[in-house]
Amino acid sequence: MLNIPYPYYLCSAEQSRFMDEKTISEFGIDGFTLMEIAGTRAADFISSEISTGSHGVFFCGKGNNGGDALVIARLLSQQGYNITVCFLSGTDDLSPDANKNFQLLNKLDSDIEILTWENFTPKEYDFVVDGMLGTGLNSDVRAPYSDAIEWINSQKALVFSLDVPTGLNADSGQIMGSAIQADYTLSFGSLKTGFYLNEGFDTTGEVILCELSFPNKYKNPTAFLIDESWVKANTPSPKERKHKYDEGVLYIIAGSEGLTGAGILAARSAWSAGLGAVALITPKGLLEIYEKQLEQIIKKPVGNRDDMFFKESHLDTVLEILDDKPGKLLIGPGLGRQKETIRFTQNILQEFDGDAVIDADALFALSQMENWEKPKSSNWILTPHPGEMSQLFNMSVKDDYERLRITKDIASKKNITILSKGMPSVVGAEHGATFLTGYDTRIFSRAGFGDVLAGKTGAFWILFDTGEQACMHALLDGYHKSTQFYYSQQGFLEPTDII
């Protein structure tokens, strides 16, 4: 199993409550102490971003989210900040820990302005702290909270949301009617899954984890955030190559008339990962195109010179090529959807008992089979975008939250690895773990990027141990190269820019 640091755990609202409750009831750290720790860490961060003497307004609900805000207000008031506290639903019926912190606030000598929403007079503030509604929200936000959200979102001041922006579903990342557009989200105890799904990425701003004293034994995440630090730490160093075939060959079955660009991008991408050998299997009629474009790539033509797409008659020759030297297979980029090609692809997937990355048109061919299963001795990585996933698994993929669930369930059930492309990209492993990208993948939503990702995935699968490691390395590779390109300000990102 992978050794993943706890700061990269993504938890649901229920898992967060479980950690909180068990730490209080079994471990013996009371809720008031946890609130003090959360508030202290949040106050430390806010003071590092906002200069002393600034005026901040704190919007508080009745629950513990409001209690966290009161801790921060108390601490910052003692550090020279001007503080206004606004209770959205008054000060009656506060949660016990929030009420205790309200009493402590009233004991201070500081000149803290305490208001309710009814007597709140809008004016300019230097910063805003959102402590209105936390992770328990499961219905649309209503007034006066929705009114406060509208006012806060219209301000120029920096906005700090506590635990989760008010109005954002902590699990699904969906906006519940309306939501705070935070500049910073200070997440207590764990990162929330919803930060990276649906509208979450554009709502949370920069996410800052404020660690709490939760014992590790209570931490049971929904998914993990992909980060280079732990991915590299879990990856064995590649063995020293003495011969180009030492690691194995990446065989690529790709291309048809008018779609050769997909095979070219996939082959170049795989080669750039540092493999010793990449072999492109192609209908002979397309060979001349590849000879001009892919100097370093081994070409394996099949069929006759007038063959412009794969046919069932090519099957035996292709299987012989795949059996020639150990390696893995990438199948799908630019294959086309001719009936003969679909039958050829289905037969390859049924008869090839090695490891395969199944992409693009090969996924379509697979979706046309009833009750498909991989050969018992094979390992598969499937790389569907949401539309392909819906067709392949015969399920409605309504949103990213549903896509995460389907990826996790199907990968475990069918004993395969799934790289679900989209925003975010999701990796489902055979053993049931799920991984998410924490960066903006929308930059890759252009033709050709899927071919580059497929080539990298196949290459890294040869270089590293497991399917999920291959997928994560491929995603990180694309992120680093796109980031380098972005800072060089060269215009629109092209697939060739991340090869």
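May I ask you to list pairs of residues, at least six apart or on different chains, whose Cβ atoms are under 9 Å apart, with the first in region 4-30 being touching a residue at least 60 places away in the same chain (Cβ under 8 Å) and within 18 Å of GLY134 (Cβ to Cβ) and the second being of a type in the set (Val, Ile, Thr) and outside any loop (DSSP other than H, G, I, E, B)?
LEU10/THR193; LEU10/THR434; CYS11/THR193; SER12/THR193; ALA13/THR193; GLN15/THR193
Kindly establish whether ASP399 is touching a helix residue (DSSP H, G or I) at 6+ places or on another chain (Cβ under 8 Å), over 15 Å from ALA474 (Cβ atoms) and either not assigned by TED's automatic domain parsing to the domain that holds ALA267 or not β-branched (Val, Ile, Thr) (or both). Break it down stepwise before answering.
Working: touching a helix residue (DSSP H, G or I) at 6+ places or on another chain (Cβ under 8 Å): no; over 15 Å from ALA474 (Cβ atoms): yes; either not assigned by TED's automatic domain parsing to the domain that holds ALA267 or not β-branched (Val, Ile, Thr) (or both): yes.
Answer is no for this residue.
Considering each of THR317, THR345 in turn, give the residue that is touching an Asp or Glu at 6+ places or on another chain (Cβ under 9 Å) and β-branched (Val, Ile, Thr).
THR345
Which ones in region 386-443 are in contact with a Ser or Thr (Cβ under 7 Å, 6 or more places away or on another chain) and part of a helix (DSSP H, G or I)?
Correct list: MET389, SER390, GLN391, LEU392, TYR401, ARG403, LEU404, THR407, LYS408, ALA411, ILE443.
I'd like to verify a number: residues in region 87-134 that are hydroxyl-bearing (Ser, Thr, Tyr) and either in contact (Cβ under 8 Å) with a residue 60 or more places away in the chain or over 23 Å from ASP147 (Cβ atoms) (or both), how many?
Residues meeting the conditions: 2.
Among the residues of region 126-146, is any small (Gly, Ala, Ser), assigned by TED's automatic domain parsing to the domain that holds SER12, in a loop (DSSP other than H, G, I, E, B) and under 21 Å from HIS55 (Cα atoms)?
No.
Name the pairs whose Cβ atoms lie under 7 Å apart, with the first residue in region 342-356 and of a type in the set (Ser, Thr, Tyr), the second crowded, with 20+ Cβ neighbours inside 10 Å, and 6 or more positions between them or separate chains?
From region 342-356, the pairs are THR345/ILE331; THR345/LEU335; THR345/ALA362; THR345/ALA365.
Please determine, by comparing only the residues of region 312-324 that are of a type outside the set (A, V, I, L, M) and assigned to a helix (DSSP H, G or I), which one is nearest to PHE460 (Cα to Cα).
Filtering region 312-324 for residues that are of a type outside the set (A, V, I, L, M) and assigned to a helix (DSSP H, G or I), the one nearest to PHE460 (Cα to Cα) comes out as GLU320.
In this structure, does ASN82 turn out to be under 17 Å from GLY61 (Cα atoms) and either surrounded by fewer than 19 Cβ atoms within 10 Å (Cβ to Cβ) or at pLDDT 95 or above (or both)?
No; evaluated as a whole, the condition is false for this residue.
Return the total of residues in region 189-210 being touching a Gly at 6+ places or on another chain (Cβ under 9 Å) and closer than 27 Å to THR33 by Cβ.
The number of residues fulfilling the criteria is 9.
Can you tell me which residue among THR434, THR466, THR457 is more than 24 Å from LEU250 (Cα to Cα) and in the same structural domain as ASP361 (by TED's automatic domain parsing)?
Exactly one residue qualifies, and that residue is THR434.
Which pairs have Cβ atoms under 6 Å, sit 6 or more apart or on different chains, and link a residue in region 57-76 that is without any contact (Cβ under 8 Å) to a residue 12 or more places away in the chain and among the charged types (D, E, K, R) to one that is assigned to a helix (DSSP H, G or I) and surrounded by 24 or more Cβ atoms within 10 Å (Cβ to Cβ)?
Listed pairs, sorted by first residue: none to list.
How many residues are out of contact with any Ser or Thr (no Cβ under 9 Å at 6 or more places or on another chain) and either part of a helix (DSSP H, G or I) or under 24 Å from GLY200 (Cβ atoms) (or both) if we restrict to region 32-53?
15
From SER154, SER172, grab the single residue that is assigned by TED's automatic domain parsing to the domain that holds THR203, more than 22 Å from the chain's Cα centre (by Cα) and more than 21 Å from LEU70 (Cβ to Cβ).
Step by step, each of SER154, SER172 is checked, and only SER154 is assigned by TED's automatic domain parsing to the domain that holds THR203, more than 22 Å from the chain's Cα centre (by Cα) and more than 21 Å from LEU70 (Cβ to Cβ).
In region 325-381, which residues are in a loop (DSSP other than H, G, I, E, B), crowded, with 23+ Cβ neighbours inside 10 Å and more than 27 Å from the chain's Cα centre (by Cα)?
The one that is in a loop (DSSP other than H, G, I, E, B), crowded, with 23+ Cβ neighbours inside 10 Å and more than 27 Å from the chain's Cα centre (by Cα): LEU335.
The values are calculated or read from the model by the stated rules, or taken from the named source; none is laboratory data. Computed from a prediction, not measured in an experiment: that's the story for all the values here. Please note: Cβ atoms are built from the backbone with ideal geometry, for glycine as well, and neighbour counts cover all protein chains shown.
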